[in-house]
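Bear in mind these aren't lab numbers, they're just calculated from the coordinates by the rules spelled out. Small disclaimer: the values here were computed from a predicted structure and weren't measured. In this analysis, Cβ positions are derived from the backbone assuming ideal geometry, glycine residues included, and neighbour counts consider all displayed protein chains.
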Amino acid sequence: MSDQNPYQQPNPQQPPPGQPGQQPGYGYPGQQPASTPPGYGYPQGGGYGAQPGYAPDPSAPYGYDPYGRPYSHKSKIVAGVLQILLGGLGAGRWYTGHAGMAVAQLLTCGGLGIWSLIDGILFLVKDDRTDGDGRVLKS
């Protein structure tokens with residue numbers, strides 16, 4: 001019995017099995033693997049979302065969120081955990097670059113813990129939290 005699929009139609013562009021020129025495991029029947037020309041495929045370095053032939057936007061090196069706002073290089077998860085664990089020192093706000101609010105939390109011991117706890121939870125839950133430069137924190 002033959003190990004070929006009886007329902008498979010012969011492809012005139014592909015040589016029959018066992019003949020030179022066949023490369024099993026590559027592509028679809030009838031296609032030969034080709035080298036990818038330079039400038040195509042995945043970007044080799046550069047910022048997130050960089051398109052071939054276009055320079056990344058210097059005002060948004062980490063890309064844009066779905067609403068068109070630039071992303072920060074800082075994480076909202078790190079900011080939230082810092083704020084919950086060390087909120088009395090304003091650690092989450094120091095991390096995000098909000099020095100004025102961090103000093104206020106430092107002087108009030110994070111609102112006796114309540115302000116820092118709520119602030120930390122909001123960092124983790126809300127998607128519109130920004131860093132000191134006004135960029136949206138990454139998830």
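Starting from the Kirkwood radius over alpha-carbon pairs of the range 71-138, derive D by Stokes-Einstein at 20 °C in a medium of 1.002 mPa s and give it in µm² s⁻¹.
D = 192 µm²/s.
Between Asp133 and Leu112, what is the label-point separation in nm under the 7 Å Cα-to-beta-carbon projection?
Going by the 7 Å Cα→Cβ label model, 3.9 nm.
Within a Cβ distance under 11 Å of Asp119, other residues only, what is the Lys/Arg minus Asp/Glu net charge?
+3
Among 57-68, 103-114, 87-98, 127-138, what's the highest-first ranking by average C-beta atoms within 10 angstrom per residue?
Highest mean packing first, the order is 87-98, 127-138, 103-114, 57-68.
Any chance you could run the full-extension gain for Tyr64 through Val78? It's 0.36 nm times the residue separation minus the Cα-Cα distance, nm to one decimal.
3.1 nm
What residues have an amide H closer than 5 Å to that of Lys74, excluding those fewer than 5 places away on the same chain, when H is modeled at 1.01 Å from N in the peptide plane?
Distant-sequence amide H within range of Lys74: Lys138.
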